[in-house]
Each structure stands twice: as C-alpha cells, then as structure tokens.
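Engineer: Dumping the structure here so I can ask a few things about it.
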Amino acid sequence: MIRSNWNKRGQRLALLAATTALLMAASMAFTVGTAVAGVIIVKSDDLPQYTPPATAFRQASKRESIEVVLRSRLDQGDSEFLKQAASTTRPSAVFALGSRAAIAAREAFPETPLVFAMALGWSRNISTDGATTGVSVELPTADLFVRFKLIIPGLHRIGLITSDSDSRTVDEARAAASELGLEILHETVRHHDEVAGAYRRIRSRIDALWMVPDPVVVTRENFDYLSTRCRNDGVAFLAFSENFVKAGALLSVAPSYSTMGSQAALLVEQLITDPGNVPPVQSPLGAKLVVNADTAKALGLDLNATTIHMADRVITPTREGF
Amino acid sequence: MARASDAELFFFSPDWAPGNLSTLAEAADRALSESGLGLSFQAFARYEDLVGQLSTARPALVLVPGWVAAEHGENLQLRALLRPTRNGRDTYHKVLMTTKGVSSLAGLANATVAAAVHPGSIDYPASASGIRSLVGDGARVLPVPKDIDALLALSFGQVDAALVTPAQFEILARVNPRGTDNLVELGRTPEIPLPRLYATRYIDDDEANRLAAGIAKLSSSSRGRQFINLLGFDEVELLEIINGEDRVMADNTNRKEVER
Amino acid sequence: MLNSIFTPLALWRLAFLVLSFCAIVSSPASAAQSPQASVGFDAVSELDFFKVESDIVTSVSRHAESLWGAAAAIYVVSSEDIADSGATSLADALRLVPGLNVANVDANFAAISARGFNGVFANKLLVLLDGRPFYTPIFGGTVWHEWNTFLPDVDRIEVIRGPGGSLYGANAVNGVINIITRDSNDTRVNLARVSFGTNSAATTEARHGGRYGNLSYRVFGSWSTGNGNGGNNGRDLADEHQDTRAGYRLDWDLGHGLQLVGSGEFHDGFVGNIARNDDGSPAGRYPRYSSTMLSSVFRLEKDFADGSAAYFQLAGDTVDRKVPFMGCFETEKDTLEMEVQHSFRPHPAHRATWGANVRAHDVHTVDGLVVFSVNDRRLNLVGGFVQDEIDLGSRTRLTLGTKIENNGFTGTNFQPSARIVHRLDDDRTLWAAASRAINTPSYSEMYSTIPLFPVPSGIPGVDIFPILSTDGNAGDTRMVSLETGYRHRFGDRLALDIAAFYNDYQGLAGWTGSKTLPVVPDPLDPTKLIAVTLLDNDENGFAYGGEGVATVQINERWRSEFNVGYLHLRSTGDLLGLLPRTNLSVPRMRWNMRHVINVNRKLRIVPTFSWSDSVVNASLVSPGSPVRLDPYLRVDLAVHYKPGGDWPDLSLVATNLADRSHLEFVEDAVRPATPITRAFYLRASREF
C-alpha cells in the first residue's frame, strides 16, 4: 500500500514537473521571441465575472490573444503596467473588461482598436473617439420589461429606486413602460442609507421593485432589507444578477457575459478589417433569466412548464429542514 | 435519490438552455422515484459531455434528437421505444422572422441572424442548418442563448433576422403586441423530429419495454406529468413491442418507426 | 487613590490605543487605491459593485454585515442564533455575546453586564425593547425575568459594548442592548410551541399573525412554570416560577412613507425566594417575588421624499412588584415617555440626527425591611441629542454627537462622543471612539435605607446593627471611555472582530465610609446600637480589556464561533468589598465556543462551551470579606430535528452537561445564589 501511494505521488510529481517545464518553455517563447501580433485581453481585476466573456471571446475569435490583469501598484500607473505586461505583443486590438481596463488600454495603445465590455456606465468614463466601441453592461430597458412580463403576467406598477445621478435610467424606464402598458413609480436617493425609506414610501403601491445596478442603491445591507421586505410585502423583487436570486430575489435578468464576449469578438473583427467604419456601442444580446421558485411560491406566482422553459435557471424551493 | 443499481436514462436536447437542467433533474428524481421504475435520470447540456458518457456510463435508455441517434445508432444498437409529442405532433419547425421592410430571403443574403446556437459546442442543432438552408452561407450567425433573445434582438433592431420557434413568437406577441407588430415570418425550416426515447445495447428488450411502459404511464401522476412537460412534451406514446430479432436502427426516425 | 488611574502604564495604554489607530489609518494599504484614482473615475465603485454581486450570498457572517462598518463594539444575536441555542430566556440568548457577563444567580434572576460591575442590580447597561427602555428607576437597571419577551418573534438583539450615552442618555454607560422584534408582516403565520423539561418545567406558547389591507398584526401568549433548580441543598422550590405573558405588535403602512408601529406586552408572574437566617445563611422560603407589568409603545414613522426620516414615539408602562428581599417592600412604577427623532442630510457628506425626549416616572414604594425616606415621587427627565455623521472621503466616517439631559436628581449633564471608522478595503475595517457617559443616581441611591445583619459590638449581649442609608444627595458617576476595534474578513471562511477599551470612572456610587455617622443607640430599641453609613460618590476606578470574535465556516454544514473577553477592573473600593477591589463580581477572562452543525437537512446539532474565570464579590452577609467563585466550564447542547411535512419541529436541549451543578454567580449583596443544575427540555413547535 505504501509503495502504491509512493508510486502515485511520484507520478503526480513527475506530472507537475512536466507541466511546469512546459509552462516555462511556453513563457520563454513568449518573452524571448519577437513581438507577436494578437489581441490583448485586459481585465480590470481578477473578478470571476470577467472569465466568461474572456473565454467566449477566445472561442469566437480566431486571433492569438494574451491576457493581462491590472494590479494596484503605487509606483506605476495602469497604462505603464499594461504596456510593460504586453511588451511581447504587437496588439492588433484590445478587448478591455471593465472601465479601468478600457481607460488604461486607451492610454497605453491610443491608436489600437479597442472594444470594451463589462464597463458600468461606460458613457461617463470611456471616450469613443477613434477606433473604440464596445458592448454595454445594461440590457435595453424595454427588453428587460418584456422579460419581466413574461414571468409576471399581472405586472402593472414597477417601483424603481435610483441615485440622483441616474436620470437616464429613469427616462428610459418610463419610455419603455409606456410602450408596454406599465407604470413606473420612481424614488430618488442621495445616499445608500436612504433606500429603506424610499422603499417604504412606495411599497403599498407597487407590484414589483426593480433593482438596477446603481452603486448607491445596491449594497449588502440594502439588498438584505429589500429582499426580505419585498417577499413579506408581496412585492416581486426583480434583480439583475443570479446571486441576488439565490439570496431571495424573485428573478434576475442579467446580460449573458459570455454572449458579450462573442459580440466583442465580432466587433474586434469589424474594427480590424474596416477601421474606418466604427460600429456603435452595442447592447448585450443575450440574457440569463434566473427565477427563485421559493420566492415565486411565496408571492403566489404560478411557475408552469412554459415559464420554467424560459428560465435559464430555476432556483428550487427551499426544501424542508435546515 | 437514485439507487446504485438503477438503470440510467440520458437526456440531451439542444433546445434546452444549458443551466436549467437542474430543475429538470429534480423533477425527474421526484417522478421516477414515485414510479418505482428503478430508473435514474441524467441530463446533458453539451453534446461533448453526452458523447463522453455514452460509452463509459453505459446508459440503458437515451432520449435524444434524431441526428444524435443517427450518429450513435449503430454503435449503441438503438431501438426506438417512445415517441413524444407536442401539440399532437412529433415534429416541430422554426421560423425565420424579420422586419416588415425585408420582403424576400435574398434581402438577407449578408444579414446578421440571431439564433440559439452554442458556439462552444460542436453540436449544431437544426437551427444552424436551418439558417443556411434559408439564407445561404453569407449570413452571419449571431449566437444567443435562447429563442427569446433572438426575437428581442430582432424587435429592438439589433439584428436583421431571427430563427425561432413559432410558439416563442406567439408568447412574445401576447406580452408585447406593439413590439412584434413590425415582425414578419419570411420562411420556415423543414419539420424537425422531436427527440425520442431509445433503448441501447446495454439493456435487454424485456427490461427496455418494461421501462418504456412505465415512462409512458408517468403522465397519469402530477409529478410525472410535470416531468414530461419540463422535457418539453405534452404526451409520450409507446411505439411497438420490440422482440429480440428486430432492431431499429434509428438513423432516420421519420423513415421508419418500427421494424419487425 | 486617583493616582492608580493615571499610572504610567495606564497612560502608555492610552497612547498605544491612539497611536495604533493612527498608524493603521496611514498605512500603505489604505492608499492602495491611488492608481485607480489616477484614471479619473471611481473604479472602486465598479469593482465594488461586481464584488457585491459575487459576495451577496457567500458572506461568512451575514447576520453581522450591516454592522461591519460600525464605529463601536457591536455584536448581533440573530433570530436564528436564538433558535439554535435553544435559549428559553433573554438572559440565555445573551450568553452568546462576547464580552457580556451573563450569570444565572438562580433559576430566575440573571446578572448581566458589559465590561464590569455585574449584579442583579447592575445599573450601567441600558436595555431597550423596540425602542422602549426596560428600565426601573428603583435601581437604574433591568429586572430581566420580568421582560422575557416572546423569543420566537425577536428579530435580532444588537449589543453595543461600551458607552452609548451620546444617543441613549444616562445609564448607557457600559453598554446598550437593543432587542428588536420582527415586523408583523414577517410573522403572518400561526405558531404553537410546547416544551417540557426537568424540574417540572413546562411552557406553552402561541402566536397568531395576520393582515388586513396594509395593516399587519400579531398577538401572542405564553405560560410557563417550573421549579428551577429546586432540590439543591435543601432549598426545595425556592427557585420556582410561574409566568403568564401576552402581547401584540401591529405594523400599519399608511402610505407615502408614513407608518404606525405599535407593540405591547402584559406580564404577570412570580418567582420563588430564599430567606436568610439572622447570620445570613439560607433559611427557607420567603414569600414569592411577584410582579405585574403592562407596557406599550406606539411609533409613527415618516420617510420623506428628500431622504430624511422622522418618528414620534409614545411609550408607557406600569409595573407593580412585591419584593420580599430581607423582609418585604413593594414598588410601583408608572412611566410615560415621548420621543421625537429626525435625521436628514444638510450636505451630501453629512447625515445629521437630532432628537428629544421627555420621560416621567411615578414611583411609589411600600416599606419593608428596606425603607425609603420618600415613598412617592415623580421623576422627570428631559433630554435632547444631536449627532452628525461626516463622510471624510469614501472610506472614512467621523461621527460627533452629544446628549444633553436634565434629571430631577442631579440636574443637567452632557454626554459627548466622537467616533471614527475607516474602511481599509472591502474586508478590513478599523474604528476608534472617545466618549463620556453618565450614570445618574437611582431612586434607591437617593432614598433607601438597608439594614445589614448584626455584628458583635464587643460588649456582651449588645450587637451593632450596620445600616446603609442615603441622604438624597447622591451624584452622577462619570465615565470617560476610549475604544478601538478592527474587523477583518479572510475570504468566505473566516471573519475576525476585535475591540479594546479603556474606561475611567469617577464618582462611583457606594458606601466608602466617607459619610459614616457615629454609632448611636437605636431610638426604637435602645438595647441595640446602630451604625449608619451614607452613600457617597467617592469611589473611583478604571477598567481596560478587549473582546474578540472569530467566525469560521469550516464547511457548508459546519459553522463555528469562538469569542473571548478579557477585563481588568480596579476601583478604590467601598466597605462592602475589598479596599481597593479588583474585578469585583466579574471574571477577568471568559470564552465561548459554539458550533452549528447541520448533520443533514433535518438534523442540526449545536454544542456550546463556555468558560468563566473565577469571580470575587462583596456580600452584605459578611461586609469586607469577599466571597469567591471558582472558574467553571459550562457545556450546553441543543439538538434540533425538522422532520418536515405536517410533523412539528423538535428540539432537545441539555444545559450544564459538564457537571451536575455549579454556581454561576457568587452570593449577591442581597440575593443568595443557587447552584445551576443540569437540565433538559424537549420542545415541539409547529407553524401553521
């Protein structure tokens, strides 16, 4: 038995050594050789959310690519760090994930086509001068509302809480709502601790509360509060990410991060082949609908087979017990 | 929870969005354990995963589309057992939707067509071949997760056309009649067979027939009906009793349902 | 004796607290975001946003999330914690709190305090139930067993260790316990619970909840009885109790951000009582301690469209208790309190809150062996507070505030505080605070006279009867507190929360002997000599220590919490205790370890281990001779089984498994402690 374990361990060590050697050889080939043309995928951070679009991009794009994750450093700005990290590559285009990556990429490679994704409020932070385009994080509001109505046929009045600075979301929401025969009840907050009060002002008049990705509104505390209150007040809590649904929201409609990667690959191809014709920033085309069956039951919603078919994921009812 | 000795039923249908299989698996667990058939259920989101498991896990039954059965029919000695139906039919089709400004397929020669195909997988369901058969190779296929994504992309003017099931279009039209007013059907794919249940060479005929009969009866209970509905079917019909002499090579389920 | 407070060591400790805070705030880690600032937008928000999205369901200590950024030593006991522990009383539920001294004096009376000065009559901890104080002006503290509210409806218990006077006013000196019940919208389901246990313990509890339009409500009732630790040392039935309790809560959404919250409770019951012989030894049964209480609170809350919020609260209670300690005296108390509060943002970086309250207590006492020089008195209290929370950048918040209060005994006092919290990053928070708090005199400290047991005079046949009395001139106890704390989350598996403090007390109320009158013959019985000592405020002291909590998610099924508290308390002392006295009535070190283990979906096991250092206390029985309690380990085990379907949930709870019995508190000044015995109970509960 000891021998057998030792053999297994030996095999593992050999495998590890071989893998390490291969990796070293690969990295040396990259650093010693001349600069290779390819796409640089830049991540603002090592967030797990950046992985699906990066993977989908690589699958959809036939071009070589390297990946750079920005690190916080006191002695070096992001653009310098990026230039240094990508020194072995002659970038034909940059795919930036997050605003920070997009801004750093534009500074480091001002003439290179840039496609960004996963940038919250991109229009405030990222200039689209030159060969720059991207895929926004936000699904079109009308698109969202249609999906809400697919799951909640009786939906009529939607509560919306946003920060002062987010008037565009509200305008779009009102326009989309009128198209679909919905009504928006909007409350403004200036600070995250005003969200509970804003909810209390509208809770008796709404069928659903739509939580938008507003950094002022969305905090752990506010989510916990809104999730509990909505459930017990009979208000459908509509979120924008699967994790919120796991934690009790009724449903989420989130952009498909991997579809963003596929879209970005098409955009990169367009920019490289026809740099003079810069396509506009696109909305995400795919969405992921996740429904919490337990919350649906608490709200008295019927989740039939058709509804479940429309969902990408149904969080199943809490089973009895702990 | 399945018993260790349970026969296994593999399910793969690319019309099912990846990620929602856990709901299906739970419904299957409930229905199959209630039935006492001694059958466990495993659903696959990716064709590669199914192929990888077919030889190693040796499933007794598979519920797969015709093109998968054709691919593996000989090797697994597949025999068709059950024919599911939806709206009384055992086939379905997809329609190519576009906006009112486009009057012919020629107008979509270089169009962007949104369709629920999965670029990371080697399986190309009927939708992909349907697109090519309709608009030719010049079309750019923009893969989206589901039919509803394709329809919404079309209704918001982000793509030129969308290949979807008519049922999805009808559902959307009910919710958003104004948004779908401008959409028209430009063509449709040939009829695509629904997935069918096949016995594999890892199970004898008597046992296969027993299981098939049990599955056909699932609809009589509410849990069983829910399971069948979640598979995407209204009913399942037993085909014919098969004896050991007669093998159905399921290379084309439209061609021959039962051979004696 | 003041010198002992300002020793070089104490000053060094103070300097260390301040310097350590400054050092950490200015550390490179806090500047780690500077490159992001250079790109000209708030990248932190975007990353934070995605991190919130990731973390929302994976946090190791979700129940404490809302307090992660608080500039105080705060701990939250959640409703799940209470259910897990199998606690049947508030005192038992509070055993989970780090740094809180919880000791059962007997089966009914609990001594609870934070950071020292524990006792049945502990008076430096403010306790609130849905905003109304559990406060008796007779001794300035809480009679815990009278306020054992309906535990299934407790949403959470927030415990602040350290002063809260700048918001809550007098007597929030060493801590504030805020018990918050669940919104009645969350309890719109009926509940029935029954339990039976050793020592003839039995409890039945029921709740009904419902909703009419925008008004949700619940009503509850409970009845319990038991013989407590009966059977110990011949003190049969002395620990008995019987409780009848009923209450309600309503939450009425009046629309447009206006809501009315009302709650109230009725309690009637008695507990057993142990008499003493003339030498102070336990003798048998006294008449029962009985009490009747009725309390209610209504709060009208308004959330304004500009983000500001206000409420008006009206609370009242009436308590009638017969207290047969050393004879018998009775007290009655009626309280009426009005309170308003308003919070708003005068500037985006400021959140201001102000409030005012008026409270009136009507106190009536009937003399027993404890005699009051004033038997009827209205005590008025008027107060107001202001507080400003100032955001100094996105990661630092400074809170300045003060309470100004006028009471009928000592006039007007100020209780200011300054608190600062700095978020080093998403996972690390550092805070520090400096506060001044006041302990105002209680009714007893102004008007009571307590005869002690006689001591030999040296003259054959003549004993001296010491008498502790008051002259109506008691003053405030003043405390200055310096605190600091640090919280750190290590991924999803481990979270740490540590706090350290230094408290300086001036003018502690006690009988130091500075106001001792000459020994004279008793005017009523000239064969006796009496020695009267008047209460004074000549005792000073200091305390320092710290508390730490580590929460570990060992795996998906197993969560553990380990907490520890250390306290060094020293005062100049009085006649009842040592002179000077050290760590009187509180252990120097305590720790708790609790595991919550989900064996499977239906079975949960919760073992709790608590260790307490030795305790020394003064005694009226033998003034000047402290009594000592040995260290003890307490092991409790709760097993919860949820069979599902229509079956009721079952809980089997065993307490004190480590030994057959032990004392948790030493002989209190007036109340003998009884050993806490091993006990079991089985509970069935069902929601329908």
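The values are calculated or read from the model by the stated rules, or taken from the named source; none is laboratory data. Everything numeric in this text was worked out from a predicted model, so none of it was measured. Ideal geometry is used to build each Cβ from the backbone, glycine not excepted, and the neighbour counts take in all protein chains shown. The accessibility values were calculated without ligands, DNA or RNA, using every heavy atom of the protein model including side chains. Shrake-Rupley method; radii C 1.70, N 1.55, O 1.52, S 1.80 Å.
Engineer: Name the single residue that is nearest to A:Gln282 (Cα to Cα) among those in segment A:102-149 being within 14 Å of chain C (Cβ to nearest Cβ) and of a type in the set (D, E, K, R).
Structural biologist: Among residues in segment A:102-149 that are within 14 Å of chain C (Cβ to nearest Cβ) and of a type in the set (D, E, K, R), the one nearest to A:Gln282 (Cα to Cα) is A:Glu138.
Engineer: Output yes when any residue across segment A:155-174 is open to solvent by 40 Å² or more (accessible area, probe 1.4 Å), closer than 26 Å to C:Lys302 by Cβ, within 9 Å of chain C (Cβ to nearest Cβ) and not acidic (Asp, Glu), and no when none is.
Structural biologist: no
Listed here are the residues, each with its yes/no results for (1) modelled with pLDDT of 90 or more; (2) in the same structural domain as A:Arg168 (by TED's automatic domain parsing); (3) open to solvent by 10 Å² or more (accessible area, probe 1.4 Å).
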{"residue": "A:Ala198", "(1), (2), (3)": "yes, yes, no"}
{"residue": "A:Ile202", "(1), (2), (3)": "yes, yes, no"}
{"residue": "A:Ala208", "(1), (2), (3)": "yes, yes, no"}
{"residue": "A:Pro215", "(1), (2), (3)": "no, yes, yes"}
{"residue": "A:Thr219", "(1), (2), (3)": "no, yes, yes"}
{"residue": "A:Phe223", "(1), (2), (3)": "no, yes, no"}
{"residue": "A:Phe237", "(1), (2), (3)": "yes, yes, no"}
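Engineer: Follow-up. Any residue in segment B:56-78 that is at negative phi, modelled with pLDDT under 80 and not assigned by TED's automatic domain parsing to the domain that holds B:Ala167?
Structural biologist: Taking segment B:56-78 first, the residues at negative phi are B:56-57, B:59-76, B:78.
Then keep just the ones that are modelled with pLDDT under 80; that gives B:67.
If we keep only those that are not assigned by TED's automatic domain parsing to the domain that holds B:Ala167 too, we end up with B:67.
Yes.
Engineer: Hey, which of the helices (runs of 4 or more DSSP H) in segment B:8-87, taking only ones fully inside, have at least 2 residues that are in contact (Cβ under 8 Å) with a residue 24 or more places away in the chain, closer than 15 Å to B:Gly232 by Cα and open to solvent by 10 Å² or more (accessible area, probe 1.4 Å)? Before you say what the answer is, go through the steps one by one.
Structural biologist: Details: elements: B:21-35, B:47-57, B:66-76.
Counting at least 2 such residues, we get B:21-35.
Engineer: So in segment A:104-132, with the set limited to residues that are of a type in the set (Val, Ile, Thr) and touching a Phe, Trp or Tyr at 6+ places or on another chain (Cβ under 8 Å), which one is farthest from A:Ala208 (Cα to Cα)? Before you say what the answer is, go through the steps one by one.
Structural biologist: Restricting attention to segment A:104-132, the residues satisfying the condition of being of a type in the set (Val, Ile, Thr) are A:112, A:115, A:126, A:128, A:132.
Subset that is touching a Phe, Trp or Tyr at 6+ places or on another chain (Cβ under 8 Å): A:115, A:126, A:132.
Working: A:Val115: 35, A:Ile126: 33, A:Thr132: 37 Å.
Among those that are of a type in the set (Val, Ile, Thr) and touching a Phe, Trp or Tyr at 6+ places or on another chain (Cβ under 8 Å), it is A:Thr132.
Engineer: Restricting to segment B:176-208, what's the tally of residues that are open to solvent by less than 30 Å² (accessible area, probe 1.4 Å), more than 23 Å from the chain's Cα centre (by Cα) and at pLDDT below 90?
Structural biologist: Here the count works out to 4.
Engineer: Looking at segment C:175-230, what strands (runs of 3 or more DSSP E) fall wholly within it and have at least 3 residues that are β-branched (Val, Ile, Thr)? Let's see the steps before the verdict.
Structural biologist: Values: elements: C:175-181, C:191-197, C:201-212, C:215-226.
It comes to C:175-181.
Engineer: Search segment A:178-200 for residues being part of a helix (DSSP H, G or I) and out of contact with any helix residue (DSSP H, G or I) (no Cβ under 7 Å at 6 or more places or on another chain), and hand back the single one that is farthest from the other protein chains (Cβ to nearest Cβ). Reasoning before the result, please.
Structural biologist: So in segment A:178-200, the residues part of a helix (DSSP H, G or I) come out as A:178-179, A:192-200.
The next check asks that each one be out of contact with any helix residue (DSSP H, G or I) (no Cβ under 7 Å at 6 or more places or on another chain); those that pass are A:178, A:193-194, A:197-198, A:200.
Values: A:Ser178: 10, A:Asp193: 7, A:Glu194: 4, A:Gly197: 3, A:Ala198: 7, A:Arg200: 5 Å.
Once the filter is applied, the top-ranked residue is A:Ser178.
Engineer: Can you tell me how many residues within segment B:219-235 are more than 14 Å from chain A (Cβ to nearest Cβ) and either open to solvent by less than 20 Å² (accessible area, probe 1.4 Å) or in a helix (DSSP H, G or I) (or both)?
Structural biologist: The initial filter retains those residues of segment B:219-235 that are more than 14 Å from chain A (Cβ to nearest Cβ), namely B:220-221.
Adding the requirement that they be either open to solvent by less than 20 Å² (accessible area, probe 1.4 Å) or in a helix (DSSP H, G or I) (or both) leaves B:220.
So the answer is 1.
Engineer: Follow-up question, since we're still on this one. Is it the case that some residue within segment A:112-122 is assigned to a helix (DSSP H, G or I), open to solvent by 20 Å² or more (accessible area, probe 1.4 Å), touching a residue at least 40 places away in the same chain (Cβ under 8 Å) and farther than 15 Å from A:Ile272 by Cα?
Structural biologist: First pass over segment A:112-122, keeping only residues assigned to a helix (DSSP H, G or I): A:122.
If we keep only those that are open to solvent by 20 Å² or more (accessible area, probe 1.4 Å) as well, we get A:122.
Now drop any that are not touching a residue at least 40 places away in the same chain (Cβ under 8 Å), which leaves A:122.
Among the residues that remain, those that are also farther than 15 Å from A:Ile272 by Cα are: A:122.
The answer is yes, given that some residue of segment A:112-122 is assigned to a helix (DSSP H, G or I), open to solvent by 20 Å² or more (accessible area, probe 1.4 Å), touching a residue at least 40 places away in the same chain (Cβ under 8 Å) and farther than 15 Å from A:Ile272 by Cα.
Engineer: For the condition among the aromatic types (Phe, Trp, Tyr), in contact with a strand residue (DSSP E or B) (Cβ under 8 Å, 6 or more places away or on another chain), assigned by TED's automatic domain parsing to the domain that holds A:His156 and over 26 Å from C:Asn214 (Cα atoms), what is the one hit in A:Phe244, A:Phe322? So that I can check it myself, show each step before the final result.
Structural biologist: On the way: A:Phe322 fails: assigned by TED's automatic domain parsing to the domain that holds A:His156.
Exactly one of A:Phe244, A:Phe322 is among the aromatic types (Phe, Trp, Tyr), in contact with a strand residue (DSSP E or B) (Cβ under 8 Å, 6 or more places away or on another chain), assigned by TED's automatic domain parsing to the domain that holds A:His156 and over 26 Å from C:Asn214 (Cα atoms), namely A:Phe244.
Engineer: Sticking with this one: Go through segment A:161-186 and report how many residues are more than 25 Å from the chain's Cα centre (by Cα) and of a type in the set (D, E, K, R).
Structural biologist: Counting residues in segment A:161-186 that are more than 25 Å from the chain's Cα centre (by Cα) and of a type in the set (D, E, K, R) gives 2.
Engineer: Please verify whether segment C:102-119 includes one or more residues that are assigned to a strand (DSSP E or B) and within 14 Å of chain A (Cβ to nearest Cβ). Working first, answer last.
Structural biologist: Here is the first cut: in segment C:102-119, the ones assigned to a strand (DSSP E or B) are C:102-104, C:110-114.
From what's left, within 14 Å of chain A (Cβ to nearest Cβ): none.
No, there is no match, as no residue in segment C:102-119 is assigned to a strand (DSSP E or B) and within 14 Å of chain A (Cβ to nearest Cβ).
Engineer: Now a separate question. Where in segment C:323-422 are there strands (runs of 3 or more DSSP E), lying fully within it, with 3 or more residues that are among the β-branched types (Val, Ile, Thr) and open to solvent by less than 40 Å² (accessible area, probe 1.4 Å)?
Structural biologist: In segment C:323-422, C:350-366, C:396-407 are the strands (runs of 3 or more DSSP E) which contain 3 or more residues that are among the β-branched types (Val, Ile, Thr) and open to solvent by less than 40 Å² (accessible area, probe 1.4 Å).
Engineer: Which of (1) buried (at least 21 other Cβ atoms within 10 Å of the Cβ); (2) touching an Asp or Glu at 6+ places or on another chain (Cβ under 9 Å) does C:Tyr486 not meet, given it meets every other one?
Structural biologist: (1)
Engineer: Please note which strands (runs of 3 or more DSSP E) are completely contained in segment C:500-618 and include at least 2 residues that are open to solvent by 30 Å² or more (accessible area, probe 1.4 Å) and within 14 Å of chain A (Cβ to nearest Cβ). Working first, answer last.
Structural biologist: Working: elements: C:520-522, C:525-534, C:536-555, C:558-571, C:589-598, C:603-612, C:615-617.
Output list reads C:558-571, C:589-598, C:603-612.
Engineer: Could you tell me which of the residues C:Asn227, C:Asn233 is at pLDDT below 90, open to solvent by 60 Å² or more (accessible area, probe 1.4 Å) and of a type in the set (S, T, N, Q)?
Structural biologist: On the way: C:Asn227 fails: open to solvent by 60 Å² or more (accessible area, probe 1.4 Å).
So the residue among C:Asn227, C:Asn233 that is at pLDDT below 90, open to solvent by 60 Å² or more (accessible area, probe 1.4 Å) and of a type in the set (S, T, N, Q) is C:Asn233.
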